[in-house]
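Working notes, structure below.
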Amino acid sequence: MQELMRSNDAVLISFVDALLNDADIPHFVADVHMSILDGSIGVLPRRIMVDADQIEQARRILRDAELGHELS
C-alpha cells in the first residue's frame, strides 16, 4: 500500500474516505488510534493508504474534488 495523503483534519479524512468508498477503491485509514498517545488533541496526522495498483485513480479522484494540494 502507498500513502495517498495525511492530515490532522478529521473532516477531510472522512470526506476522502467517502470519496474512495464511492469509487470502490480499497483503502485503509492508518493511525486512527494514535490519538491515545497524543491525548486526543489531534497532533498526530492520520494517513490514507491505497493499493499501489489503484493509487493513480485515487489521486485523480482527489484532484477532481479539488483536493490535489492534499496529496502526499
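Since every read-out is calculated from the coordinates, none of them should be taken as a lab result. Predicted, not measured: the structure shown is a model, and the values here were computed from it. Cβ sites come from the backbone with ideal geometry, for glycine too, and all protein chains shown count toward neighbours.
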Inter-site label distance for Leu44 and Asp31 at 7 Å from Cα along Cβ, in nm: 0.9
Positive end of the dipole of the chain, charges at C-beta (+1 Lys, Arg; -1 Asp, Glu), about the Cα centre: which of Ser14, Pro26, His69 has its Cα farthest in that direction? His69
Subtract the Cα-Cα distance of Met1 and Asp51 from 0.36 nm times their separation in residues, and report this length gain in nm to one decimal. 17.6 nm
Can you pull the Kirkwood radius for the chain, inverse mean 1/r over Cα pairs, to one decimal in Å? 12.3
Before rounding to the nearest 500, sum -39500 (n - 2.57) across all DSSP H runs of length at least 4 in the chain and divide by the residue total; then give [θ] at 222 nm in deg cm²/dmol. -10500 deg cm²/dmol
Extension reserve of the Asp22-Ser72 stretch, reckoned as 0.36 nm per residue once the Cα distance is removed: 15.9 nm
Mind putting a number on the dipole of the chain about its Cα centre? Charges go on the C-beta only, +1 for Lys and Arg and -1 for Asp and Glu, and I need it in Debye to the nearest 20. 160
Where labels lie 7 Å past Cα in the beta-carbon direction, separation of Leu12 and Arg60 in nm: 2.4
